């Protein structure tokens, strides 16, 4: 999977960055190491305008209807959704756990906020992920610098505002370094 | 530099444009 940049079409509304949609699904019945995780990850579309985004997104299965152990990632062009990528190595992510049935609305609000540059943290945001699991769904937003508390606080506050989360929603921040050590995303 | 900012309602409005389909 190599990243190739795209241009906004004539008359379309450009985005601040190029983004890629990635999809990954864990094969049933076995644990994944880092290389097999990467191998199961596919770029399914690249976009640099609002219209290009909708053309891809409108053809995707809604997050509420995804099954199995699957993830959809939207990352800036050139950044792989992997802890080890150089943009992510010193970063981390906010994690929001959602009861079943809520994820499609929250996921759409999260990516619209990211594409529309609502987080106001410069180049800090790397991408966003929706993770479909057996008992709950999880959305997360990744940023470059886990130790920049002003940045991570601003991301959390924006996340709360744009997701309009139910009361008692649990949010947690996890550094990718911690994830690398315990080999677990959540 | 200048950043390209869009709010949610503008992005949703673009969805119904013929170019987005």
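The values are calculated or read from the model by the stated rules, or taken from the named source; none is laboratory data. In this text, all values refer to a predicted model and were calculated from it rather than measured experimentally. FYI the Cβ positions are ideal-geometry reconstructions off the backbone, even for glycines, and counts take in every protein chain you see.
List of remarks:
- In summary, residue A:61 fulfils each of the numbered conditions (1) surrounded by fewer than 16 Cβ atoms within 10 Å (Cβ to Cβ); (2) in contact with a strand residue (DSSP E or B) (Cβ under 8 Å, 6 or more places away or on another chain) with the single exception of condition (2).
- Test: residue A:78 is surrounded by 12 or more Cβ atoms within 10 Å (Cβ to Cβ), away from chain B (no Cβ under 14 Å), in contact (Cβ under 8 Å) with a residue 60 or more places away in the chain and more than 14 Å from residue A:112 (Cα to Cα): yes
- Selection from segment A:137-172 of residues that are assigned to a strand (DSSP E or B) and modelled with pLDDT under 95: A:171
- Filtered residue count, segment B:1-17, keeping only those that are more than 7 Å from chain A (Cβ to nearest Cβ), at pLDDT below 95 and within 13 Å of residue A:58 (Cα to Cα): 1
- Residue in segment A:19-42 that is at pLDDT 80 or above, within 14 Å of chain B (Cβ to nearest Cβ) and at negative phi present: yes
- Selection status of residue A:88, touching a helix residue (DSSP H, G or I) at 6+ places or on another chain (Cβ under 7 Å) and surrounded by 15 or more Cβ atoms within 10 Å (Cβ to Cβ): yes
- Scanning segment A:116-133 for residues that are in contact (Cβ under 8 Å) with a residue 60 or more places away in the chain and surrounded by fewer than 22 Cβ atoms within 10 Å (Cβ to Cβ) yields a count of 3.
- Highlighted here are the helices (runs of 4 or more DSSP H) found entirely within segment A:1-118 that include at least 3 residues which are closer than 18 Å to residue A:186 by Cβ: A:103-115.
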